[in-house]
Amino acid sequence: MELGVIYFYTATILHWQKLLETEKYKQIIIESIIYLIRHSKIKVYGFVIMPNHIHLLFENTDMNGKEMPYVSLMKYTAHQFLQQLRKNDPELLNNFKVDRNTRVHQFWQRNALPVAMYDRKIFEQKLDYIHLNPLQEHWQLATDPNDYRYSSCSFYEKEDIHFNWLSHYRDTL
């Protein structure tokens, strides 16, 4: 991934487990994103947090120390998941044990998918996909995409100030 390029980014919880069904884990992701935005490391144009994966339309704008901001996001959220599970649900933590020299637990699958967005039409298709994801038959997380709290849909459709940390894509594309 490069600085200054908008990506459609999908990251999945290890083995598609539904860790993100719980609000506190979704909040960890939101707070981490907001932190990076407020420190001018990323711009986020759209997002959805699903029970076992996330989609972001975002841009890395500046390095976070020696690493790309998306790497910081994945590392920090994993660390926070680990702390929460150790404290509140050690049994569930066992589902994330891995046999690796570098770590005992893993929360994000290693095959996160970034796709560069160079075309506004494709960007808008991905944004629609993100906003309609919670309505898919196998999820049924909402009946109206604006009602799903962990999505940028209401930012675009209702100018929801709850998401004042998002950047409108029309200001960039």
*asked:* For segment 6-80, compute Rg over Rh where Rg is the Cα radius of gyration and Rh is the Kirkwood radius from the inverse mean 1/r over Cα pairs.
replied: 0.94
*Counting only C-alpha contacts under 8 Å and six or more residues apart, can you give the relative contact order of segment 98-173 as a whole percent?*
14
*Three semi-axes of the equivalent ellipsoid, the chain, Cα gyration tensor, whole Å, largest first*: 26, 20, 14
*Contact order relative to length of the chain, as percent, for alpha carbon pairs under 8 angstrom and 6 or more apart*: 29
*For K41, go through the lysines and keep the ones whose alpha-carbon is under 19 Å away, minus same-chain ones fewer than eight residues off.*
K66, K75
*Of A116, N88, P145, farthest towards positive along the dipole that unit charges on Lys, Arg, Asp, Glu beta carbons give segment 6-171*: N88
*In what sequence do S152, S32, S40 fall when counting other Cβ within 10 Å, fewest first?*
S40, S32, S152
*Looking at the square roots a ≥ b ≥ c of the eigenvalues of the Cα gyration tensor of segment 86-152, which shape do they give, rounded for a/c under 1.5, prolate if a/b is larger than b/c, or oblate?*
oblate
*Where a ≥ b ≥ c are the square roots of the eigenvalues of the C-alpha gyration tensor, would you call segment 46-92 rounded, which needs a/c under 1.5, or, failing that, prolate if a/b is larger than b/c, or oblate?*
oblate
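None of the figures in this text is laboratory data; all of them are computed from the coordinates on show. Computed from a prediction, not measured in an experiment: that's the story for all the values here. Cβ: placed from backbone, ideal geometry, glycine included. Neighbour counts: every protein chain shown.
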